[in-house]
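The structure under discussion appears below in the form of structure tokens.
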Amino acid sequence: QGQLVESGGGLVQPGGSLRLSCAASGFTFSVYDMSWYRQAPGKERELVASVTSADGSTNYADSVKGRFTISRDNPKNTVYLQMSSLKPGGTAVYYCNAHAEGGVGAGMYEYLYWGQGARVTVSS
């Protein structure tokens, strides 16, 4: 069974930086698209950034473009989220997500894994 374990969360001052890590196990990491989501208090979970398995292309929410960087290290089965110029609005629980789908007809499949979340608090 696949597992994702986030680390690196904590308290950071506005304008500061933090790097989250997500270690994967139990599945073939290199064929999964990887994403980071976050859920702020009282709000719905939202996509922050994603990186594909095919070519490593990345995608970001408008609110974090230019400040956050997602990257993956396939040999280490790990995905990272480098966060810079953090704002108080960045306070949330950040979740790692792994997704793979494929096949045709009766052979179609989809696999989805979530981590337990890493809490990030941006406050002075």
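Overview of results
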read-out: The range 75-112 and the range 23-54: distance between their alpha carbon centers, rounded to Å; value: 1
read-out: Charge dipole of the chain about the Cα centre (unit charges at C-beta), most positive-ward option of 112, 79, 54; value: 79
read-out: Residue-normalised accessible area of the chain, given per residue in Å² at a 1.4 Å probe; value: 54
read-out: All lysines inside 17 Å of residue 87 as judged from Cα atoms, apart from same-chain residues fewer than 8 positions distant; value: 43, 65
read-out: ³J(HN,Hα), Karplus 6.51/-1.76/1.60, whole Hz, each residue of the range 84-90, x for Gly, Pro; value: 10, 6, 5, 10, x, x, x
read-out: Packing-based ranking, highest mean first, of 97-106, 113-122 given that Cβ atoms within 10 Å are counted; value: 113-122, 97-106
read-out: Intensity falloff of the chain expressed as log10 I(q)/I(0), Debye formula with alpha-carbon point scatterers, at q = 0.16 Å⁻¹; value: -0.73
read-out: Cα gyration tensor, the range 24-82 - rounded (a/c under 1.5), prolate or oblate; value: prolate
read-out: Share of carbon and sulfur in the accessible heavy-atom surface of the range 3-107 [1.4 Å probe, %]; value: 48
read-out: Calculated FRET value between residue 69 and residue 43, using beta carbons and R₀ = 25 Å, to 0.05; value: 0.60
read-out: Relative contact order computed over the chain (Cα-Cα under 8 Å; 6+ residues apart), in percent; value: 35
read-out: Distance in nm between pseudo-label sites at residue 108 and residue 124 (7 Å out along the Cβ direction from Cα); value: 5.2
read-out: Net charge of neighbours whose Cβ lies under 13 Å from the Cβ of residue 15, counting Lys and Arg as +1 and Asp and Glu as -1; value: +2
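The values are calculated or read from the model by the stated rules, or taken from the named source; none is laboratory data. Keep in mind the model is a prediction, meaning the values are calculated, not measured. Quick reminder, even Gly has a Cβ in these numbers, built from the backbone with ideal geometry, and neighbours come from all protein chains shown. The accessibility values were calculated without ligands, DNA or RNA, using every heavy atom of the protein model including side chains. Shrake-Rupley method; radii C 1.70, N 1.55, O 1.52, S 1.80 Å.
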